[in-house]
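Here, each number is a calculation from the coordinates, and none is a lab measurement. Since the model is a prediction, treat every value here as computed from it, not as a measurement. A quick note on method: Cβ atoms are made from the backbone with ideal geometry, for glycine too, and the neighbour counts reach across all protein chains shown.
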Ligand code: VG1
Ligand code: CO
């Protein structure tokens with residue numbers, strides 16, 4: 001086996017976004033592109049000689065090729081051991097669980113989450129720390145800075161590892177262990193939830209359907225839901241991970257999870273439906289003809305955590321990303337615990353979780369999770385919901401209605417304008433900032449802006465500051481409109497507009513959210529001149 005120092009030159013576009021580096025597959029396939037980024041990660045990290053690296057991905061096109069390259073680079077750079085998932089399949093939350101369980105130095109996750117996959121789709125890579133948490137900005141910026149000056153990378157000559165069988169191989173001095181993708185994660189779930197109670201629920205006339213969308217969660221859902229919890233075979237649909245996700249778009253929302261939505265809104269709909277995304281960290285929760293917004297889901301989990309084995313000791317606090325609705329805040333207030341508001345992206349929850357300041361976290365983008373790992377976790381949320389349903393013996397809709405009656409309802413929607421011109425998107429955001437001075441006290445019918453700013457966050461634990469995290473229009477009645485640009489896309493820009501209004505009056509809580517929010521949606525379009533600047537009459541996706 002020989003060690004090579006391969007000369008290379010920097011690529012200018014390797015700055016990680018909200019969740020790692022995401023580019024078209026063809027970009028990653030350029031000679032040295034992946035290797036440059038991997039070497040830059042290693043160069044930015046201290047003291048990993050002899051340590052363990054966890055490696056796996058969401059199974060998308062280029063996953064296995066990238067894994068073989070990274071194994072040889074890890075050996076060349078002096079790692080002692082790589083734990084690589086069988087067939088390269090490792091969901092994002094499972095990767096986080098494995099890093100923690102085996103006290104690894106860190107992990108590399110190959111995923112572009114819900115972005116389309118296949119030869120013409122996207123690929124992605126991110127680094128997670130020893131805690132299992134996505135690398136914080138200080139690290140991602142250090143990696144970026146390495147990518148700008150890289151001159152060579154190190155790789156060994158070695159035959160490819162057979163990823164299809166579990167077992168150990170030596171690559172030079174480094175041990176490569178192919179591990180089961182599911183078992184460590186499944187064991188963790190059994191620790192947290194009352195599997196006996198869920199089993200009983202699933203054995204009753206309760207019917208449910210889980211849509212894995214041909215992405216990474218299929219094998220996890222089949223083992224946990226069908227084999228261990230006894231759900232009838234076929235409860236998990238689209239269960240086989242495919243390199244192109246079956247040509248679909250595994251983003252669990254009302255637009256893209258159409259198979260599932262159709263089932264749950266049919267006359268003979270099952271009682272419960274759920275879907276997960278490309279890398280298994282997101283979840284969508286549906287009841288019979290009923291959609292639970294992710295913001296509400298976080299609030300319901302928080303309010304019901306005392307019913308769940310793994311959380312009976314109580315919650316230390318909860319955290320939500322800034323654009324996520326304030327539904328969880330109301331619950332936290334009642335429970336007498338803190339509710340933290342962080343920028344978008346799971347990496348911002350890491351310090352709070354490590355410091356035991358929060359137990360549950362969530363984002364409006366179909367992400368929920370807890371201190372059991374340091375990533376959001378799709379199947380975990382599904383099991384949490386199933387456990388609540390098993391204990392409360394009520395329908396999803398009844399649980400939500402009761403929740404709103406107690407805490408008030410936060411009507412919520414997000415409008416995405418995808419693939420718009422980047423320049424126009426920047427002009428739109430700047431246009432909003434230019435109005436900051438004159439918007440306060442401006443009225444639109446019942447709505448009066450009280451304060452506007454570009455959200456800036458000081459991490460309460462490490463005091464790092466993250467600026468320009470989204471423009472907020474805060475209204476005097478508690479309503480909010482937020483604008484930000486996506487940091488995960490690979491084409492042009494995507495504008496996200498988040499709209500929220502609070503309704504304490506039970507008699508007005510049953511409306512459709514687009515209708516209830518229509519006046520505020522009009523304000524959001526008007527203030528930002530969305531139609532004029534994007535040329536779009538309608539958002540691309542409404543969630
Ligand atoms: C989006 C979501 C954000 C989420 C991120 C990664 O980011 O809005 O809440 O954390 O995706 O999720 P952005 O910058 O495009 O808005 V995943 O499931 O792609 O790892
Ligand atoms: Co994801």
**OP:** Starting from the coordinates of the alpha-carbon atoms of the stretch 105-197, obtain the Kirkwood hydrodynamic radius over all distinct pairs and give the value in Å to one decimal.
**Re:** 17.2
Original post:
Which of 200, 64, 347 comes first, and how do the rest follow, when ranked by fewest Cβ neighbours within 10 Å?
Top reply: 200, 64, 347
Subject >> the stretch 132-259 shape via C-alpha gyration tensor axes, a/c threshold 1.5 >> reply: prolate
Subject >> Descending semi-axes in Å of the chain, equivalent ellipsoid built from Cα gyration tensor >> reply: 37, 29, 21
**OP:** Based solely on C-alpha atoms, express the radius of gyration and the Dmax of the stretch 185-407 in angstrom.
**Re:** 16.1, 47
Original post:
Taking Cα atoms of the stretch 1-72, Rg/Rh with Kirkwood Rh, to two decimals?
Top reply: 0.94
Subject >> Orientation-averaged projected area, Cα convex hull of the stretch 396-543 (nm²) >> reply: 10.8
**OP:** Report, for the stretch 3-180, the % of DSSP beta bridges that are antiparallel, rounded to 5.
**Re:** 55
**OP:** Mind jotting down a quarter of the surface of the convex hull over the alpha carbons of the stretch 374-432, in square nanometres, one decimal?
**Re:** 7.5
Original post:
Among 11, 193, 366, what is the fewest-to-most ranking by other Cβ atoms within 10 Å?
Top reply: 11, 193, 366
**OP:** Note the angle between two axes, namely the Cα long axis of helix 63-76 and the longest principal axis of the Cα atoms of the chain, as a number of degrees from 0 to 90, rounded to the nearest 10.
**Re:** 50
**OP:** Can you put 448, 226 in order of Cβ neighbours within 10 angstrom, beginning with the fewest?
**Re:** 448, 226
Original post:
Relative to the compact globular guide of 2.2 N^0.38 Å, what is the alpha carbon radius of gyration of the stretch 3-180, as a ratio?
Top reply: 0.92
Original post:
What nm value, rounded to one decimal, do you get for the distance between residue 453 and residue 180 when each label is placed 7 Å out toward the C-beta?
Top reply: 5.0
